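The values are calculated or read from the model by the stated rules, or taken from the named source; none is laboratory data. All of these numbers come straight from a predicted model, not from anything done at the bench. Positions of Cβ are backbone-derived with ideal geometry, glycine not excepted, and every protein chain shown enters the neighbour counts.
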Amino acid sequence: MCVVLVAGEDRFAASIRAFAHAFAANDRMDLVVEGRRYAELPMPYRHGEKIDSVAAGSVEGLVDASPRVGREVSVAKDLLPSARPGTKLGEVVVTVGGKRVG
């Protein structure tokens, strides 16, 4: 939110500059992309075989010019022996600047 209370010039012009700065300093970013692989998991009962774990949905967020984006993948403790496409195998937790966003 931006409030321009005292401006020696036109408040409308000052508001436009404030919003232009805010939009230039921040940008929307895909933090998790649907379909992208975020982990490779061992397959139960199949020694040496692995399966890709991909994001079921996208997460986007507003970040500043130098975002500190973190992604942590947690995997279900008991993986099913017969996972099919669409089976939830874990979760991707996204943090920006140390705060959880998705």
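Restricting segment 46-102 to residues that are exposed (fewer than 14 other Cβ atoms within 10 Å of the Cβ), farther than 25 Å from ARG28 by Cα and in contact with a Ser or Thr (Cβ under 8 Å, 6 or more places away or on another chain) leaves a set whose member that is modelled with the highest pLDDT is VAL75. What pairs come out if I take residues in segment 11-29 that are small (Gly, Ala, Ser) and pair them with residues that are surrounded by 12 or more Cβ atoms within 10 Å (Cβ to Cβ) and assigned to a helix (DSSP H, G or I) whose C-beta lies under 8 Å away, six or more apart or interchain? So the pair list comes out empty. Of the residues that sit in segment 34-53 and are in a loop (DSSP other than H, G, I, E, B) and more than 15 Å from GLY86 (Cβ to Cβ), which one is nearest to the chain's Cα centre (by Cα)? Among those that are in a loop (DSSP other than H, G, I, E, B) and more than 15 Å from GLY86 (Cβ to Cβ), it is ARG36.
Can you name the residue in segment 21-45 that is modelled with pLDDT of 80 or more and small (Gly, Ala, Ser) and is also surrounded by the fewest Cβ atoms within 10 Å (Cβ to Cβ) among such residues? Going through the qualifying residues, I end up with GLY35.
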